[in-house]
Amino acid sequence: MEHVEFINKVQRCAELGKSDVFEQLYDAYGKKLYRYIYLRLNSKEDVEDVLSATFVKLWEYVTNIRNQK
């Protein structure tokens, strides 16, 4: 999935207000992000914290977009 496609999915998630689109984002990027973060932190617990925080921030962003419309 390219960057533009990712942005479009985030915007669609915000517009529709559906968590299934958000789940698709997690399914598409969760493992890749996990591996990327693990290579830098080398700690399973830290990776899980950072990954969770990343998707919470994404969800907050989506919610903010939705509330602005």
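Quick check on my filter: what residues within region 1-60 are of a type in the set (Gly, Ala, Ser), at pLDDT 85 or above and more than 11 Å from the chain's Cα centre (by Cα)?
Ser43
Count, please, the residues in region 27-69 that happen to be over 24 Å from Leu16 (Cα atoms) and β-branched (Val, Ile, Thr).
So the answer is 3.
Of everything in region 21-50 that's in contact with a Leu (Cβ under 8 Å, 6 or more places away or on another chain) and farther than 21 Å from Asn8 by Cα, which residue is least open to solvent (accessible area, probe 1.4 Å)?
Val47
The values are calculated or read from the model by the stated rules, or taken from the named source; none is laboratory data. Every value quoted in this text rests on a predicted model; they were computed, and no experiment measured them. Neighbour counts are summed over all protein chains in view; Cβ atoms, including those assigned to glycine, are modelled from backbone coordinates with ideal geometry. Each accessible area value is taken on the protein alone, full model and side chains, heavy atoms only, with ligands, DNA and RNA left out. Shrake-Rupley method; radii C 1.70, N 1.55, O 1.52, S 1.80 Å.
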